[in-house]
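Here it is, the structure in full.
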Amino acid sequence: MEFFLQQFTNGLTVGAIYALIALGYTMVYGVMKLINFAHGELFTLGAFIGYALLVTFGITGRVGLGLGLAISVVLVAGLVGVAGHVLERVAYRPLRHSDRLAAVVSALGASIFLQNAIMLSWGANYRSYSADLLPSVSVSIFGQSFPLLKILIFLTAVVVMLALWLFVHRTRIGMAIRAAAIDQGAAKLMGIDVSSVIAVVFVIGPALGGIAGLIVGLCYGQINFGMGQLYGLKAFTAAIIGGIGNIQGAMVGGLLLGLVEALGAAYISVAWKDALTFVVLIMILVVRPTGLLPERVAEKL
Amino acid sequence: MLELRDVVVAYGGVKALHGVSLTVNEGELVTVLGANGAGKSTSLMAISGLLPLSGGSIWFRGERLDTLKSHEVVRRGITQAPEGRRVFGPMSVEENLRLGAFTRKGFPHRALKRVYELFPRLEERRGQMAGTLSGGEQQMLAIGRALMAEPKLMLLDEPSLGLAPLLVRSIFKTIRSINQSGVTVILVEQNARAALRLASRGYVLDVGRLVLEDSSANLLDNPQVKDAYLGSA
């Protein structure tokens with residue numbers, strides 16, 4: 001039982017990370033019908049900006065643990081958000097009216113560019129967040145002990161996702177984002193500036209991905225310029241599982257994928273961990289190609 | 001109030017409008033008739049700023065319109081209930097209406113009240129997903145949504161399409177009352193007879209060219225129009 005709970009917690013933690021990244025894929029896809037292949041690299045950028053702040057600059061030593069972490073989260077989200085905005089301006093906006101394929105190629109190019117830029121800035125070797133950055137405290141719930149860090153990470157991710165849900169469903173801009181995702185032309189007829197909606201989405205998505213990068217650094221220690229590839233692919237899978245374009249779907253898909261991976265690694269085989277992810281993807285694509293929570297666009301003529 | 005001067009619109013290399021000129025005066029209800037592919041919807045989309053012009057210009061109250069972005073056009077007071085209604089299916093009726101008032105500041109109490117008065121049916125279904133409404137209700141929603149911004153000029157693209165005759169009559173009655181309340185209306189229709197009874201003037205488009213323009217009474221009597229658009233009456 002203890003082993004199961006441990007793996008379950010691991011699954012939730014990694015699932016929350018996948019969900020945070022998946023939100024970026026799914027929001028951009030929802031509005032632009034484009035897979036932002038550079039999203040995984042924005043996640044990596046978040047991990048490295050976090051590294052610069054926490055390890056190189058040692059912010060927690062200067063201003064204290066709580067405040068240092070809070071500043072790091074805000075700065076990482078802000079800077080990666082800016083990077084996402086620049087990416088949209090440079091790589092996607094000029095191609096808005098071109099062939100869909102042109103944007104895909106541009107996305108792949110941006111991904112390679114960012115990966116190499118990160119490698120040139122921080123080197124090709126693994127970097128590690130120092131192990132003593134966070135105190136390793138455990139809390140005990142129902143007689144089982146859980147690492148506080150993982151619980152905090154899970155809660156942070158849940159809070160961020162809740163905030164996003166409220167933003168999308170309860171604010172004016174959120175309403176515009178949803179409308180543009182359903183029908184861009186009709187949204188324009190309502191007086192919505194779709195270009196600004198896309199710009200907003202390209203700040204929020206990358207910001208969430210950046211936070212996920214910081215969390216991975218804090219949680220697993222090791223980061224590398226190529227880490228965005230596998231995380232990106234997994235999160236993309238999570239977005240598909242949940243139904244791409246659907247925000248709740250990305251959250252559910254991410255958590256589900258994390259649990260499958262952690263429990264699969266524990267009870268089936270660690271070596272098959274990554275393969276399991278894609279087995280789930282293939283199964284979902286065969287049985288429910290639109291994902292678990294597809295965008296329900298009930299059209300009636 | 002609105003003037004199209006030699007407007008040319010092309011999709012890729014294919015011209016959909018070959019230099020269309022028309023004028024709409026303040027307070028008028030003008031209809032634009034024509035067969036499928038005549039360029040009626042293209043004209044409306046060009047006015048709304050969703051299609052770029054390849055030639056000519058569009059003017060609204062002395063200001064050039066075709067260089068503005070679509071959201072700026074809405075801010076000038078021009079809204080559209082597009083062909084096929086294009087309601088936001090997965091959103092509620094009231095959310096659809098609130099989106100119609102997107103360019104307005106604050107919660108649109110007054111506009112919402114007015115739309116619910118015009119279409120009590122929409123108030124009954126305010127919480128329902130727009131995609132689950134019947135065709136007629138979706139059309140009411142599309143028109144109501146276009147009213148929410150309290151426009152000066154409203155563009156209606158085939159509001160009668162696919163509706164039962166009784167419903168068409170009621171929708172047309174509503175369009176008349178909207179016009180009488182001071183909103184200028186351009187009504188694009190295939191249902192020429194009904195549209196001409198409602199409008200004071202009409203234009204006839206054929207394959208991207210303006211072929212006729214006259215008062216509704218004259219157009220109803222015009223043998224060419226009778227043959228092509230009114231059936232043998």
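The values are calculated or read from the model by the stated rules, or taken from the named source; none is laboratory data. Quick caveat: nothing in here was measured; it's all calculated off a predicted structure. For neighbour counting, all protein chains shown are included, and Cβ atoms are generated from backbone atoms with ideal geometry for every residue, glycine included.
Which residues, counting only those in segment B:54-76, are more than 12 Å from chain A (Cβ to nearest Cβ), small (Gly, Ala, Ser) and without any contact (Cβ under 8 Å) to a residue 24 or more places away in the chain? Steps first, please.
If we filter segment B:54-76 for residues that are more than 12 Å from chain A (Cβ to nearest Cβ), which is where we start, we get B:54-67.
Cutting the leftovers down to small (Gly, Ala, Ser) gives us B:54-57, B:62.
Residue satisfying the conditions is B:GLY62 alone.
Checking B:VAL20 against (1) surrounded by fewer than 19 Cβ atoms within 10 Å (Cβ to Cβ); (2) in contact (Cβ under 8 Å) with a residue 60 or more places away in the chain; (3) of a type in the set (A, V, I, L, M, F, W, C); (4) in a strand (DSSP E or B): exactly one of these is not met. Which one?
Among (1) surrounded by fewer than 19 Cβ atoms within 10 Å (Cβ to Cβ); (2) in contact (Cβ under 8 Å) with a residue 60 or more places away in the chain; (3) of a type in the set (A, V, I, L, M, F, W, C); (4) in a strand (DSSP E or B), the lone unmet condition for B:VAL20 is (1).
Now for a different question. Looking at segment A:5-21, which of its residues are among the aromatic types (Phe, Trp, Tyr) and touching a Phe, Trp or Tyr at 6+ places or on another chain (Cβ under 9 Å)? Break it down into steps so the answer makes sense when it comes.
First pass over segment A:5-21, keeping only residues among the aromatic types (Phe, Trp, Tyr): A:8, A:18.
Matches in segment A:5-21: A:TYR18 only.
Does A:SER98 qualify as being within 14 Å of another protein chain (Cβ to nearest Cβ) and polar (S, T, N, Q)? Lay out the reasoning, then the answer.
Numbers: within 14 Å of another protein chain (Cβ to nearest Cβ): yes; polar (S, T, N, Q): yes.
Yes; evaluated as a whole, the condition is true for this residue.
What is the residue count in segment B:169-200 for residues that are free of Cβ contacts under 8 Å to residues at least 12 places away in the same chain and within 20 Å of B:THR79 (Cα to Cα)?
3
Which one is nearest to A:ARG178 (Cα to Cα), of the residues in segment B:77-96 that are more than 10 Å from chain A (Cβ to nearest Cβ) and in contact (Cβ under 8 Å) with a residue 40 or more places away in the chain? Can you show your working first?
At the first step, the residues of segment B:77-96 found to be more than 10 Å from chain A (Cβ to nearest Cβ) are B:77, B:83, B:92-94.
Next, only the ones that are in contact (Cβ under 8 Å) with a residue 40 or more places away in the chain stay: B:77, B:83, B:93.
On the way: B:GLY77: 23, B:GLU83: 21, B:VAL93: 14 Å.
The extreme case among them is B:VAL93.
Hey, any hits in segment B:76-87 for a residue that's over 16 Å from the mean Cα position of the chain (by Cα), small (Gly, Ala, Ser) and assigned to a loop (DSSP other than H, G, I, E, B)?
Scanning segment B:76-87, I find no residue that is over 16 Å from the mean Cα position of the chain (by Cα), small (Gly, Ala, Ser) and assigned to a loop (DSSP other than H, G, I, E, B), so the answer is no.
Listed residues B:VAL14, B:VAL24, B:VAL30, B:VAL8; which is at pLDDT below 95 and out of contact with any helix residue (DSSP H, G or I) (no Cβ under 8 Å at 6 or more places or on another chain)?
Working: B:VAL24 fails: at pLDDT below 95; B:VAL30 fails: at pLDDT below 95; B:VAL8 fails: at pLDDT below 95.
Every option except B:VAL14 fails the conditions.
Of everything in segment A:70-84, what is buried (at least 17 other Cβ atoms within 10 Å of the Cβ) and of a type outside the set (Val, Ile, Thr)? Give them in sequence order.
The answer is A:SER72, A:LEU75, A:ALA77, A:LEU79, A:GLY81, A:ALA83, A:GLY84.
Can you pull out the residues in segment B:117-165 that are in a loop (DSSP other than H, G, I, E, B), more than 9 Å from every other protein chain (Cβ to nearest Cβ) and not aliphatic (A, V, I, L, M)?
Hits for segment B:117-165 are B:PHE119, B:ARG125, B:ARG126, B:GLY127, B:GLN128, B:GLU150, B:PRO151, B:LYS152, B:GLU158, B:PRO159, B:SER160.
Which of (1) under 30 Å from A:GLN6 (Cβ atoms); (2) surrounded by 12 or more Cβ atoms within 10 Å (Cβ to Cβ) is the odd one out, the single condition A:ALA107 does not satisfy?
Of the numbered conditions (1) under 30 Å from A:GLN6 (Cβ atoms); (2) surrounded by 12 or more Cβ atoms within 10 Å (Cβ to Cβ), the odd one out for A:ALA107 is (1).
Output the number of residues of segment B:33-44 satisfying the condition of being out of contact with any helix residue (DSSP H, G or I) (no Cβ under 8 Å at 6 or more places or on another chain) and either more than 24 Å from B:GLY84 (Cα to Cα) or not basic (Lys, Arg) (or both). Walk me through it before giving the result.
The initial filter retains those residues of segment B:33-44 that are out of contact with any helix residue (DSSP H, G or I) (no Cβ under 8 Å at 6 or more places or on another chain), namely B:36-44.
Those left that are additionally either more than 24 Å from B:GLY84 (Cα to Cα) or not basic (Lys, Arg) (or both): B:36-39, B:41-44.
Count: 8.
Out of curiosity, is A:LEU292 touching a Gly at 6+ places or on another chain (Cβ under 7 Å), under 23 Å from A:VAL31 (Cβ atoms) and away from chain B (no Cβ under 14 Å)?
Values: touching a Gly at 6+ places or on another chain (Cβ under 7 Å): yes; under 23 Å from A:VAL31 (Cβ atoms): yes; away from chain B (no Cβ under 14 Å): yes.
Taking the combined requirement at face value, the residue satisfies it.
What's the total number of residues in segment B:193-233 that are closer than 22 Å to B:GLU28 by Cβ, small (Gly, Ala, Ser) and loosely packed, with under 15 Cβ neighbours inside 10 Å?
Adding up the residues that qualify gives 2.
B:LEU50 - would you say it is touching a Leu at 6+ places or on another chain (Cβ under 9 Å), surrounded by fewer than 21 Cβ atoms within 10 Å (Cβ to Cβ), within 12 Å of chain A (Cβ to nearest Cβ) and in a loop (DSSP other than H, G, I, E, B)?
Numbers: touching a Leu at 6+ places or on another chain (Cβ under 9 Å): yes; surrounded by fewer than 21 Cβ atoms within 10 Å (Cβ to Cβ): yes; within 12 Å of chain A (Cβ to nearest Cβ): yes; in a loop (DSSP other than H, G, I, E, B): yes.
Taking the combined requirement at face value, the residue satisfies it.
What are the pairs with Cβ atoms under 7 angstrom where one residue, in segment A:251-273, is modelled with pLDDT under 90 and surrounded by fewer than 20 Cβ atoms within 10 Å (Cβ to Cβ) and the other, located anywhere, is among the small types (Gly, Ala, Ser) and assigned to a helix (DSSP H, G or I)? Sequence gap at least six, or different chains.
From residues that are modelled with pLDDT under 90 and surrounded by fewer than 20 Cβ atoms within 10 Å (Cβ to Cβ), the pairs are A:TRP272/A:GLY264; A:LYS273/A:GLY264; A:LYS273/A:ALA265.
Being closer than 29 Å to A:ARG89 by Cα, within 14 Å of another protein chain (Cβ to nearest Cβ) and touching a residue at least 12 places away in the same chain (Cβ under 8 Å) narrows it down to one of A:ALA207, A:ALA186, A:ALA199, A:ALA212, so name that one. Write out each step before concluding.
Numbers: A:ALA207 fails: within 14 Å of another protein chain (Cβ to nearest Cβ); A:ALA186 fails: touching a residue at least 12 places away in the same chain (Cβ under 8 Å); A:ALA212 fails: within 14 Å of another protein chain (Cβ to nearest Cβ).
Residue meeting the stated conditions: A:ALA199.
So which residues in segment B:205-229 are assigned to a helix (DSSP H, G or I) and either aromatic (Phe, Trp, Tyr) or under 19 Å from the mean Cα position of the chain (by Cα) (or both)? I'd like the intermediate steps shown before the answer.
Filtering segment B:205-229 down to residues assigned to a helix (DSSP H, G or I) leaves B:216-221, B:223-229.
Once the filter is applied, which keeps residues that are assigned to a helix (DSSP H, G or I) and either aromatic (Phe, Trp, Tyr) or under 19 Å from the mean Cα position of the chain (by Cα) (or both), segment B:205-229 yields B:SER216, B:TYR229.
Can you pull out every residue in segment B:188-198 that is farther than 9 Å from B:GLU158 by Cβ and under 14 Å from the mean Cα position of the chain (by Cα)?
At the first step, the residues of segment B:188-198 found to be farther than 9 Å from B:GLU158 by Cβ are B:192-198.
Selection gives B:ALA195, B:LEU198.
Also, I was wondering about something else. Determine which single condition A:LEU67 fails, assuming it passes every other condition in (1) under 28 Å from A:ASP193 (Cα atoms); (2) part of a helix (DSSP H, G or I).
Of (1) under 28 Å from A:ASP193 (Cα atoms); (2) part of a helix (DSSP H, G or I), only one is false for A:LEU67: (1).
Would you mind telling me which numbered condition in (1) within 14 Å of another protein chain (Cβ to nearest Cβ); (2) aromatic (Phe, Trp, Tyr); (3) under 17 Å from the mean Cα position of the chain (by Cα) B:PHE107 fails?
Condition not satisfied by B:PHE107: (3).
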